[in-house]
1. Restricting to the stretch 11-48, name every residue that is in a helix (DSSP H, G or I) and surrounded by fewer than 13 Cβ atoms within 10 Å (Cβ to Cβ).
2. Just to check your reading of the model, which residue among V141, V166, V105 is out of contact with any Phe, Trp or Tyr (no Cβ under 8 Å at 6 or more places or on another chain), in contact (Cβ under 8 Å) with a residue 40 or more places away in the chain and either over 23 Å from V249 (Cβ atoms) or surrounded by 15 or more Cβ atoms within 10 Å (Cβ to Cβ) (or both)?
3. Test L8 against the criterion of being assigned to a helix (DSSP H, G or I), under 19 Å from E72 (Cβ atoms) and either at pLDDT below 90 or open to solvent by less than 50 Å² (accessible area, probe 1.4 Å) (or both), and give yes or no.
4. For the stretch 227-237, indicate whether the set of residues that are in a helix (DSSP H, G or I), of a type outside the set (A, V, I, L, M, F, W, C), open to solvent by less than 60 Å² (accessible area, probe 1.4 Å) and out of contact with any Gly (no Cβ under 8 Å at 6 or more places or on another chain) is non-empty.
5. Just need a number here: residues in the stretch 256-276 that are surrounded by fewer than 18 Cβ atoms within 10 Å (Cβ to Cβ), over 20 Å from A150 (Cα atoms) and of a type in the set (D, E, K, R).
6. Whether any residue in the stretch 278-287 is closer than 30 Å to L78 by Cβ and either outside any loop (DSSP other than H, G, I, E, B) or open to solvent by less than 50 Å² (accessible area, probe 1.4 Å) (or both) is what I want to check.
7. Which residues, counting only those in the stretch 204-226, are more than 21 Å from D99 (Cα to Cα) and surrounded by 21 or more Cβ atoms within 10 Å (Cβ to Cβ)?
8. Find the residue count for the stretch 1-47, including only residues that are within 14 Å of A68 (Cα to Cα), of a type outside the set (A, V, I, L, M, F, W, C) and touching an Asp or Glu at 6+ places or on another chain (Cβ under 8 Å).
Amino acid sequence: MEWSDVRLFLAIAREGTLGAAARSLGLTQPTMGRRLKALEEAVGHSLFQRTNDGFVLTTEGQVVFTHAERMEEEAIALERRIAGTGEGLSGPLRISCSDWFGIHVLSPLLSQFAALHPNVVVELLTDSRLLNLARREADLVFRIRPFADAEVVSRRLVHIPYGLYVPLAMADPIDGDGRSHGIITMDEAFGGMPDVAWLREHYPNASIVFRSNNRDVQARMCAGGIGMAVIPRLLGDANKDLRRVDVSVPPPGRDTWLGYHRDLRRLARLRALIDFIVERMPKFAFSSET
């Protein structure tokens, strides 16, 4: 069994369909089908049961899957170790962060970094998923929660204050009431966010008129006049169609953490990027002062 076949097998097991697995590996669906057939013939067992809902592992497939994951872990660990010895300021770097942070915070910094280090090719993924650093789904991740994995080197990067915003023509909501205002807030999957609880506590009689997990979308809907929203100060203060409400108790801000796998701590281009971002991050107007 070749390692390339193991990767193919794992992709099908995780994605559930040949089409999705093919896209994840950059192959065509017919190629995936031919290689899977050859793999099953080589091991002498059917590894998947074909159903209307997709591919489901057979008993033999479950056994192969357990060993294949261990093979993958070792292969990726080897890749990380080799990559972590890179001393030149060239090559790819994959970064993951939230959409608004990528657009409004990282993009200006990354453009400056690219001018200094044109041979470092940065790939920025703005995704709400927590990408796996051990699997090298990303080399550097920015997120609002500390990293718990012992294999991850992390640090608190910056505290970002949030504010309550309304459209320019809208009156301020009354703290403790809010019945005449609509609320623009996170979708239900992110209902545990601190700003969602703050809105419920301070404006219990306001009705929810719009939900989105995208802060830029929230800001645009607020500017459109349908209600109030809690968004990052960096985003809200820069929007000429929004007005920040002077509240006695401001909405809770969020810490942003950066993390990378410890095997990459000596990777020169990663170190250069982290140092660059850390050095220039305080220049952003993150002060909570009016």
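1. Filtering the stretch 11-48 for residues in a helix (DSSP H, G or I) gives 11-15, 18-25, 29-43.
Correct list: R14, P30, R34, K37, A38, E41, A42.
2. None of the other options fit; the residue is V166.
3. Numbers: assigned to a helix (DSSP H, G or I): yes; under 19 Å from E72 (Cβ atoms): yes; either at pLDDT below 90 or open to solvent by less than 50 Å² (accessible area, probe 1.4 Å) (or both): yes.
Yes, satisfied.
4. Within the stretch 227-237, not a single residue is in a helix (DSSP H, G or I), of a type outside the set (A, V, I, L, M, F, W, C), open to solvent by less than 60 Å² (accessible area, probe 1.4 Å) and out of contact with any Gly (no Cβ under 8 Å at 6 or more places or on another chain).
5. Count: 1.
6. Yes.
7. Just the residues of the stretch 204-226 that are more than 21 Å from D99 (Cα to Cα), to begin with: 204-209, 225-226.
A206 - this is the single residue of the stretch 204-226 that is more than 21 Å from D99 (Cα to Cα) and surrounded by 21 or more Cβ atoms within 10 Å (Cβ to Cβ).
8. 1
The values are calculated or read from the model by the stated rules, or taken from the named source; none is laboratory data. Because the structure is a prediction, the values reported are computed rather than measured. In this analysis, Cβ positions are derived from the backbone assuming ideal geometry, glycine residues included, and neighbour counts consider all displayed protein chains. Please note that ligands, DNA and RNA were not included when accessible areas were found on the heavy atoms of the full protein model with its side chains. Shrake-Rupley method; radii C 1.70, N 1.55, O 1.52, S 1.80 Å.
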